[in-house]
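Working notes, beginning with the structure itself.
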There are 2 protein chains.
Amino acid sequence: MSRIEAVYRIRAPRAEIARVAHAIALEQSVEVPMEAVREASVAAEVVARVGAVTERASDLFDVHIGLAEVTAGGDVAQTINMLFGNSSLHAHVELVDATFPDALAARFGGPRHGVAGLRALLGVNGRPLTCAALKPQGLAGAQLAELCATFARGGIDVIKDDHGLADQSYSPFAERARLCQRAVERASRETGRRVLYAPSLVGAPKALVERAKIVREEGIGMVLLAPALIGMPVFHELVREHLDVPVLAHPAYAGATRVAPPLLLGKIFRMLGADAIIYPNYGGRFSYSEALCRDLADAMRGPLHGMPAALPVPAGGMTVERVPELTRFYGRDAMLLIGGSLLVADDLLQRAREFVTAVAAGEHHDD
Amino acid sequence: MSRIEAVYRIRAPRAEIARVAHAIALEQSVEVPMEAVREASVAAEVVARVGAVTERASDLFDVHIGLAEVTAGGDVAQTINMLFGNSSLHAHVELVDATFPDALAARFGGPRHGVAGLRALLGVNGRPLTCAALKPQGLAGAQLAELCATFARGGIDVIKDDHGLADQSYSPFAERARLCQRAVERASRETGRRVLYAPSLVGAPKALVERAKIVREEGIGMVLLAPALIGMPVFHELVREHLDVPVLAHPAYAGATRVAPPLLLGKIFRMLGADAIIYPNYGGRFSYSEALCRDLADAMRGPLHGMPAALPVPAGGMTVERVPELTRFYGRDAMLLIGGSLLVADDLLQRAREFVTAVAAGEHHDD
């Protein structure tokens with residue numbers, strides 16, 4: 001019997017933890033009291049099993065629970081349901097990790113390009129990649145395309161839409177995507193450097209499929225998707241069936257405080273096919289710690305069912321001045337995303353060049 | 001300029017709250033420092049606006065922020081993005097309420113059947129509805145159908161799949177749905193009472209559309225969907241374009257502690273088209289309080305853009321013994337869902353009848 005090993009962090013008095021752990025095992029599998037499980041095969045093969053219980057602090061325990069792989073039915077939505085469907089509503093329970101059987105991971109598939117694929121597409125080795133964002137929303141497609149051209153001429157590797165850009169009246173998707181893609185192509189011919197433009201796809205499945213078609217028709221080289229926002233099952237199906245290009249995942253609506261970020265943003269987004277994953281960097285305007293960011297980067301780049309590494313993309317409150325520190329911290333296989341702080345510069349082109357130069361000059365301990 | 005009025009509950013020292021509120025307004029609209037907003041029209045029409053700030057407790061404030069409707073682009077995913085995309089990652093911020101312009105709410109559409117439609121379909125007035133769940137998962141389709149027949153003969157109004165039933169090897173969707181539907185049809189002919197079977201649809205968009213087709217072909221009368229699990233934009237599109245029958249929403253993976261449950265489970269699920277909405281009842285195995293359950297029921301049944309009321313479906317740790325208390329608490333327009341505690345009874349049919357009788361005998365103050 002193959003099982004998914006989930007780890008739940010549970011707040012409970014020591015005298016209660018065995019009972020609470022057993023209750024979570026029932027909640028996340030058969031969802032009835034054990035007395036209502038009348039079939040021996042269900043008790044043996046479907047009911048989740050409590051494994052190791054370790055005390056992390058006073059009244060705080062890490063409980064390993066083995067969820068039967070068969071309950072996941074090989075499906076993304078159902079896997080998440082079994083991992084944290086009802087227990088996401090339990091205030092005393094946090095999902096902190098999960099280890100998947102190889103067969104289930106293989107159905108997910110992981111990144112199609114990953115770090116190596118992105119480097120090959122951009123022709124960049126031996127330094128972190130650079131990324132800048134097109135914003136503020138409210139600008140017209142032509143204005144965003146102009147910004148795009150400036151960043152591309154400044155030598156940025158990846159230029160992404162703000163995740164707030166969808167299909168609004170002031171910059172409809174089809175027009176914006178076409179204009180920005182033409183802008184990076186022109187800049188690339190001028191500079192001789194490759195650059196990827198990643199438009200943001202936001203919407204319900206039908207709109208997403210239509211936009212993926214535009215991505216293909218316009219020869220766009222990358223896309224930005226927020227799995228928690230559009231739905232993780234949709235994200236996975238879109239990546240597998242409608243997109244060939246690398247996928248940059250955004251944490252919007254991930255509310256990642258109840259599912260541990262290294263699991264949700266690191267492992268799960270990667271397993272579903274993200275090639276590069278944005279998350280809030282430490283010391284920025286989000287409350288992620290240095291240790292958490294280290295764990296996130298490890299989850300994205302470490303061994304995982306033989307899947308390609310995904311590229312960590314720290315973002316949020318980043319500045320050109322912090323580049324030396326960040327290249328030391330993350331090493332070479334990262335993409336530094338500087339958003340608003342590039343955009344406040346008076347000479348945008350010059351500031352983009354400074355960013356690019358700082359990254360090239362960084363110490364890359366893992367070269 | 002039409003705006004969505006969002007209310008964020010923010011933990012911050014009093015001396016800091018004005019600055020923090022302004023930062024959230026930027027985060028949830030243009031996502032750049034104000035200095036990077038160079039267009040006057042963007043500053044006037046796109047940047048979110050801080051409204052009333054009220055202190056709820058020491059260092060805890062409710063901050064009203066007006067989000068420009070135009071940034072939502074009339075789209076479900078993008079509306080959620082603007083409400084709580086990045087700020088869901090802020091540990092000090094909770095989204096507690098939102099009020100939508102009528103035009104945007106009209107695009108969402110709300111319940112197609114609602115309380116009145118469900119009552120008409122079932123021919124039940126003057127008492128709460130009853131609901132039971134098919135579980136544990138691991139049983140074969142034929143075993144679940146037998147359980148279904150017993151509940152239907154016992155007089156239950158709505159019989160739903162456990163939300164853990166998807167398309168697993170031990171009870172594939174198509175077979176299970178057909179067998180259960182035939183079972184309720186046979187029981188209905190025997191008893192002369194109407195009864196709705198609601199299978200659980202879990203999966204990525206393509207699978208969901210296929211299963212919705214089966215629902216239609218088999219003449220199935222209702223469906224169970226978990227909007228947070230399959231993705232809210234998918235939920236909305238599925239309801240609008242692929243389903244005619246009433247929709248019962250399940251809170252799986254709603255992790256509803258960071259978005260206030262009355263907003264997410266009450267208002268948003270209802271606006272997207274849920275006709276009846278399951279949530280954890282007070283005094284059960286989840287930590288929802290009596291006051292929170294009152295707020296949830298109010299959000300589902302109260303006035304909302306002229307939309308039909310949705311049916312509150314308290315569940316989780318419910319028992320037949322609690323029925324008098326629950327009918328007093330919720331009144332007539334509710335559906336009581338008893339899951340595991342019905343299933344532990346030795347005589348299931350008898351226990352189902354006791355449930356039905358207790359509901360019929362309840363005091364319904366709002367009759």
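The values are calculated or read from the model by the stated rules, or taken from the named source; none is laboratory data. These numbers come from a predicted model, not from an experiment. Every residue, glycine as well, gets a Cβ built from its backbone with ideal geometry; the counts of neighbours run over all protein chains shown. Just the protein is used for accessible areas: all its heavy atoms, side chains included, with ligands, DNA and RNA removed. Shrake-Rupley method; radii C 1.70, N 1.55, O 1.52, S 1.80 Å.
Structural remarks
- When the Cα atoms of region B:276-367 are aligned to their principal axes, the ranges along those axes come out at 46, 29, 19 Å in descending order.
- When shorter helices are ignored and each DSSP H run of at least 4 residues is given -39500 (n - 2.57), the per-residue value for chain A at 222 nm works out to -11500 deg cm²/dmol.
- Centre-to-centre, using Cα atoms only, region B:334-357 and region A:308-356 are separated by 60 Å.
- Across all directions, the average flat footprint of the convex hull enclosing the Cα atoms of chain A is 19.0 nm².
- The peptide list A:123-132, B:211-220, put in order of mean Cβ contacts within 10 Å with the highest first, becomes A:123-132, B:211-220.
- Rg and Dmax [Cα atoms of region B:62-158; Å; Rg one decimal, Dmax integer]: 21.0, 53
- Each label was represented as a point 7 Å from its Cα along the Cα-to-Cβ direction; for B:S188 and B:E325 these points are 3.4 nm apart.
- Both chains summed, the buried accessible area for B and A stands near 6100 Å², from protein heavy atoms and a 1.4 Å probe.
- For region A:194-339, the Kirkwood hydrodynamic radius from C-alpha pairs, put into Stokes-Einstein at 4 °C and a viscosity of 1.567 mPa s, yields a diffusion coefficient of 83 µm² per second.
- Our estimate of slack between B:E210 and B:R49, defined as 0.36 nm per intervening residue step minus the Cα-Cα distance, is 53.6 nm.
- Shape category assigned to region B:102-145 from the gyration tensor of Cα positions, a/c cut at 1.5: oblate
- Normalised by 2.2 N^0.38 Å, where N is the number of residues, the alpha-carbon radius of gyration of region B:1-57 equals 1.20.
- Overall Cα dimensions of region A:135-243 - principal axes, largest extent first, Å: 40, 28, 22
- Tail beyond 20 Å, pair distance distribution of region B:188-275 (Cα, percent): 35
- Neighbouring Cβ atoms from other chains, within 10 Å of the Cβ of residues in A:123-136, number 2 on average.
- Between copies, B:T54 shows label-point distances of 4.7 nm, shortest first, with the point placed 7 angstrom from Cα along Cα to C-beta.
- Alpha-carbon gyration tensor eigenvalues x 5, square-rooted, for region B:135-189, Å: 19, 11, 8
- Gap separating the Cα centres of region A:1-61 and region A:117-138, nearest whole Å: 44
- Measuring nothing but how far apart in sequence close Cα pairs (under 8 Å, 6+ apart) lie, relative to its length, chain B scores a relative contact order of 17 percent.
- Inverting the pair-averaged 1/r between distinct Cα atoms of region B:1-135 gives 17.1 Å as its Kirkwood hydrodynamic radius.
- Simple Cβ-charge dipole of chain B, Lys/Arg +1 and Asp/Glu -1, about Cα centre, in debye nearest 20: 680
- Kirkwood Rh and Cα Rg combined as Rg/Rh, region A:299-347: 1.09
- Counting Cα-Cα pairs of region B:47-99 in 10 Å increments starting at 0 gives whole-percent bin shares of 22, 53, 22, 3.
- Within chain A, percent of DSSP bridges classed antiparallel, to nearest 5: 45
- Tail fraction, Cα-Cα pairs, the protein assembly as shown, threshold 39 Å, whole percent: 34
- Accessible carbon and sulfur surface of the protein assembly as shown relative to its total accessible area, %, 1.4 Å: 52
- The mean number of partner chain beta-carbon atoms within 10 angstrom of a residue's beta-carbon across peptide B:238-250 is 1.
- Fraction of beta bridges assigned by DSSP in the protein assembly as shown that are antiparallel (%, nearest 5): 45
- Members of A:K206/B:K267; B:K206/B:K267; A:K267/B:K160; A:K267/B:K135; A:K206/B:K135; B:K135/B:K206 lying beyond 29 Å, as alpha-carbon distances in this model show: A:K267/B:K160; A:K267/B:K135; A:K206/B:K135
- Once the Cα atoms are used to define both axes, helix B:290-301 deviates from the longest principal axis of chain B by about 90 degrees.
- Loop-located chymotrypsin sites (Phe, Trp or Tyr not before Pro) in region A:260-340, at most 11 other Cβ atoms within 10 Å (DSSP): none
- Surface/4 of the Cα convex hull for region A:238-304, nm²: 4.8
- For A:A120, inter-copy label distances in nm, listed shortest first [label point 7 Å out on the Cα-Cβ vector]: 6.0
- Using alpha-carbon coordinates, inclination of helix A:17-27 to the longest axis of chain A, degrees: 70
- Counting Cβ atoms of other protein chains within 10 Å of each Cβ in A:278-286 and taking the mean gives 2.
- Rounded to 10°, Cα long-axis angle of helix B:141-153 versus longest principal axis of chain B: 80
- Of all residues in chain A, the one whose Cβ lies closest to the rotation axis carrying A onto B, together with that distance in whole Å, is A:G231, 1.
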